[in-house]
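K.L.:
Input: one structure, supplied below.
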Amino acid sequence: MKKLLLILFNRLLHYKQKVELAEVKNKFKSLGANFKIKKDYSIYNPQYIEIGTDFKASERFRIEAIDKFGDQKFTPSIKIGNNVTFNTDIHIGCINAITIGDNCLFASRIFISDHNHGETTAEMLQMFPMKRPLISKGAIVIKNNVWIGEGAAIMPNVTIGENSIIAANAVVTKDVPPNCVAAGVPAKIIKEIR
C-alpha cells in the first residue's frame with residue numbers, strides 16, 4: 001500500500017511541475033524551441049529573461065531577475081543564446097544585465113551575479129548584509145563557446161571572451177580574453193589557446 005501511495009504521489013507531483021512549468025514558459029520575454037529544465041528549479045521574474053533554442057538545465061537551476069529590493073527598483077535583463085547547457089545547482093542573479101552567448105557549457109555549482117549586497121566601506125559594514133543596498137558595478141557578458149567549470153563564480157563587470165575556459169572553482173573578477181584558460185582565486189590567465 002505504501003508503495004502504491006508513493007507512486008501516486010510522485011505522479012501527482014510530476015503532473016503539478018509540468019503544469020507550473022507550462023505557466024512559467026508563457027511569461028518569458030522570449031523563449032526558443034526545445035526548452036528543457038529538470039526539477040526543483042526557481043525562475044524569478046521571467047518577463048525580464050530571453051532564452052534561445054535548445055536550452056537545457058539540470059536540477060536546482062535558479063535564475064533571478066530582480067526588479068525590486070527594499071526601496072530600490074531595477075530593470076534587469078538576462079539574455080541566454082542558443083544551445084546552452086547548465087548542469088546542476090546553478091544560481092544566476094541579475095539587477096543590471098547578464099548576456100550569455102551561443103554554445104556555452106556550464107558545469108555544476110556555478111554562481112553568476114552582476115551585483116553585491118553593498119560595498120566594502122566602513123559605513124556599509126555597520127549594516128546587516130541583508131539590509132545593505134544591492135549594487136551593480138557592471139554587466140556580465142559571456143561570449144560564444146565558453147566552458148565554465150565546476151564551482152566557478154562569475155562576478156560583476158566581467159566579459160569572458162569567445163572559446164575561453166574557466167577552470168573549476170575559479171572566481172572571475174576581471175575580463176578574460178578570447179581563447180584563454182583562466183584559473184584561480186581571483187582568476188588569472190594560465191594559458192592562451194592558439
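Every number in this text was worked out from the coordinates using simple rules, so none of it is lab data. Because the structure is predicted, anything quoted here is derived from the model rather than measured. Positions of Cβ are backbone-derived with ideal geometry, glycine not excepted, and every protein chain shown enters the neighbour counts.
K.L.:
Looking at the square roots a ≥ b ≥ c of the eigenvalues of the Cα gyration tensor of the stretch 80-154, which shape do they give, rounded for a/c under 1.5, prolate if a/b is larger than b/c, or oblate?
P.N.:
Prolate.
K.L.:
Residue by residue through the stretch 134-144, what is 3J(HN,Hα) from phi via Karplus (6.51 cos²θ - 1.76 cosθ + 1.60, θ = phi - 60°)? Round to whole Hz and write x for glycine and proline.
P.N.:
Working through the residues one at a time gives 7, 10, 10, 8, x, 6, 10, 10, 10, 6, 5 Hz.
K.L.:
Report, in deg cm²/dmol and to the nearest 500, the calculated mean residue ellipticity at 222 nm for the chain, where each DSSP H run with n ≥ 4 adds -39500 (n - 2.57) and the sum is divided by the residue count.
P.N.:
-4500 deg cm²/dmol
K.L.:
Same structure, new question: Efficiency by 1/(1 + (r/R0)^6): what FRET value for I190 and F35, r their Cβ-Cβ distance, R0 = 41 Å, to the nearest 0.05? Working shown, then result.
P.N.:
Details: r = 35 Å, r/R0 = 0.85.
Efficiency, from the Cβ-Cβ distance: 0.70.
K.L.:
Once the dipole of the chain is set up with Lys and Arg at +1 and Asp and Glu at -1 on Cβ about the Cα centre, which of I95, L6, I135 lies farthest towards its positive end?
P.N.:
My answer, from the dipole projection, is L6.
K.L.:
Along the stretch 93-101, what does the Karplus equation 6.51 cos²θ - 1.76 cosθ + 1.60 (θ = phi - 60°) give for ³J(HN,Hα), rounded to whole Hz, x for Gly and Pro?
P.N.:
The phi angles translate into x, 9, 10, 10, 8, 10, 10, 10, x Hz.
K.L.:
If you average the sequence gap of Cα pairs under 8 Å that are 6 or more apart and divide by the length of the stretch 2-192, what percent do you get for the contact order?
P.N.:
That works out to 12 percent.
K.L.:
Taking square-rooted eigenvalues a ≥ b ≥ c of the alpha carbon gyration tensor, is the stretch 126-180 rounded, prolate or oblate, where a/c under 1.5 means rounded and, failing that, a/b exceeding b/c means prolate?
P.N.:
prolate
K.L.:
Can you tell me the length gained on complete extension of the stretch L105 to K73, counting 0.36 nm per residue apart and subtracting the Cα distance?
P.N.:
Using 0.36 nm per residue and subtracting the Cα-Cα distance, I get 8.4 nm.
K.L.:
Please work out how much length the chain gains when fully extended from V24 to E150, using 0.36 nm per residue of separation minus the C-alpha to C-alpha distance, in nm with one decimal.
P.N.:
Length gained, V24 through E150: 42.6 nm.
K.L.:
Of K38/K174; K39/K68; K137/K188; K143/K188; K79/K188; K36/K143, which sit over 28 Å apart, Cα to Cα?
P.N.:
Correct reply: K38/K174.
K.L.:
Moving to a separate point now. Would you mind checking the tilt of helix 2-25 against the longest principal axis of the Cα atoms of the chain, expressed as 0 to 90 degrees and rounded to 10?
P.N.:
It is inclined by approximately 50 degrees.
K.L.:
Once you have a ≥ b ≥ c as the square roots of the Cα gyration tensor eigenvalues for the stretch 40-190, tell me rounded if a/c is under 1.5, and otherwise prolate or oblate according to whether a/b is larger than b/c.
P.N.:
Taking the square roots of the gyration eigenvalues as a ≥ b ≥ c, the stretch 40-190 is oblate.
K.L.:
Shifting gears a bit: With each label point set 7 Å from Cα along the Cα-Cβ vector, what nm distance links N163 and Q126?
P.N.:
5.3 nm
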